[in-house]
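To start, the structure under review is shown below, and the notes come after it.
The values are calculated or read from the model by the stated rules, or taken from the named source; none is laboratory data. Everything quoted here is computed from the prediction, not taken from an experiment. All Cβ positions, glycine included, derive from the backbone under ideal geometry; neighbour counts span all protein chains shown. Side chains included, ligands, DNA and RNA excluded: accessible areas come from the protein's heavy atoms. Shrake-Rupley method; radii C 1.70, N 1.55, O 1.52, S 1.80 Å.
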Amino acid sequence: MKRALITGITGQDGSFLAEFLLEKGYEVFGLARHESWIRPHSASHLADRVTVLFGDMSEGGDIASALQEARPDEIYNLASQSRPGESWARAPETLMINGMGAIRLFDAVRHTCPKARVYHASSSEMFGGTCSGPQNEDTPFHPANPYAAAKVYAHHLVRICRDSYGLFISSGILFNHESERRPLHFVTQKIAYGAACAALGISNSRDLNELGRPIVTDGRLALGNLDIARDWGHASDFVRAMWLMLQQDKADDFVVGTGKLHTLRDLCQAAYGRVRLDWKDHVMSDPGLVRPLETGQTLADASKARKILNWEPTISFEEMVGKMVDAQIQRLESCSGR
Ligand code: NAP
C-alpha cells in the first residue's frame, strides 16, 4: 500500500486530495496544526480514515518528525497562507509559511526520505499583473502581492532542489479552483453566499467579511473590483492533476487550468442566475475591498498538462458555481433550523 503525506490537509485541496488518494487505496497521513484539526474543517469527515500528525510549517522539527513517522512514498505540499488579498497585512507570516515552509520541507525530504516524490503547490498568482495572453510554464513571473512573491521564491527552490540534489519535486502552477469547501472570505464563496442569502430572503447576514461587516447588508453583497477576470475550475478536478504529476517518470512543472476566462460579473450572473435573480439588484461595490495592486487576467495554457498528464477538467464553470450556491443554501437553511 502506498503512503502519502499531505501538508494542508484541513484545507480545500487537502480534503479533496485525501478523498482521492483514499479511493485509490493509499494510506494517508496529514500534517495539521493541532488547533485547526480539533475545529470543524474540510477534512473533518475523514478523521477516522487518515492519520493526523500535528505540526506547523514554520517549525522545521515538526516537518522532519512527520516525514520520519509517515515514511511517505508521495508528499503533497499544500500548506499555505493561501489568501493573496490578506497577504499584504500578513506579509512576514506569508513568507514564513509559503516560502520558508517549502524549503524546510525540501530540506527534510533530502535528509529523511530522498526517494519520496513531492508535489509542490505553486500558483497562477505568480504571473501577476503584466502578462497578456494565456500563460504556460515558460511565461515570466511578475508577482503582484506578497503571497505571489513567496510562491515565486518556493517555485524557484523546487527547480534548485531538483537540479542540485536530484530530488523528485514537481510544481503545479494551478489556476484558481473553487468548491463548496472554499472558506467564506474568498470572493467566489462570498458571491455564492450572497446569492443564497438573496434566495432565502436574508437581508442582513450573520457572517462577516474581511472588513468585519456583514457580507450581506440591507440585501446587498459588497464586492471590490468586478472587472477581475480569472480562469476558474473545480478543486476536485485539480487534485487529480497533482496526483498525475507524481506518476510521471520525471519531475517537472505543469500549468493546470481550464483555459476559460470569466469575470466576477460572470460569476455573479451564474450565482444569482442559479436562484433566478438578477445580480445587479443584489450587489454593490465597496472601494475598501479593492486590493492595492490587482493580479491581471490569468488564463491557463494547460496544453502540456493535457498532453503529458492526459488531464482534462470535467466540471464546468456553471456547474461549479451551481454546486457552491446549492451548498450555501443548504448551510444557511440548516443554521436557521428550516
Ligand atoms: P486552503 O484551503 O487555504 O488550505 C491551506 C492549508 O494550509 C490549510 O490546511 C491550512 O491549515 C494549512 N496551513 C496554513 N498555515 C499552516 C502552517 N503554518 N502549518 C501547517 N499548515 C498550515 O488552500 P487551498 O485552496 O486548499 O490551496 C492549497 C494550496 O494550493 C495552497 O498552497 C494554495 O496557495 C495553492 N493554490 C491554491 C489555488 C486555489 O485556487 N485554491 C490556486 C493556486 C494555488 P489551517 O487549517 O491550520 O489554517
**Request:** Name the helices (runs of 4 or more DSSP H) wholly inside region 233-338 in which the number of residues that are free of Cβ contacts under 8 Å to residues at least 60 places away in the same chain is 3 or more.
**Result:** 264-274, 317-336
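Based on what the data block shows, is MET100 open to solvent by 50 Å² or more (accessible area, probe 1.4 Å), near the ligand (Cβ under 8 Å from one of its atoms) and in a helix (DSSP H, G or I)?
Judged against the criteria, MET100 is not a match.
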**Only listed residue being assigned to a strand (DSSP E or B) and modelled with pLDDT of 95 or more, chosen from VAL118, VAL109** = VAL118
**Message:** Contact list please: Cβ distance under 8 Å, first residue in region 163-192 and farther than 26 Å from GLN135 by Cβ, second residue more than 13 Å from the ligand (Cβ to nearest atom) and among the hydroxyl-bearing types (Ser, Thr, Tyr), pairs at least six apart or on different chains.
**Reply:** LEU184/TYR193
**From the options VAL118, VAL52, residue that is touching a helix residue (DSSP H, G or I) at 6+ places or on another chain (Cβ under 8 Å), within 14 Å of the ligand (Cβ to nearest atom) and more than 27 Å from GLU180 (Cβ to Cβ)** = VAL118
**Item:** Members of region 18-41 found to be without any contact (Cβ under 8 Å) to a residue 24 or more places away in the chain and either more than 11 Å from the ligand (Cβ to nearest atom) or acidic (Asp, Glu) (or both), listed by number
**Value:** GLU23, GLU35
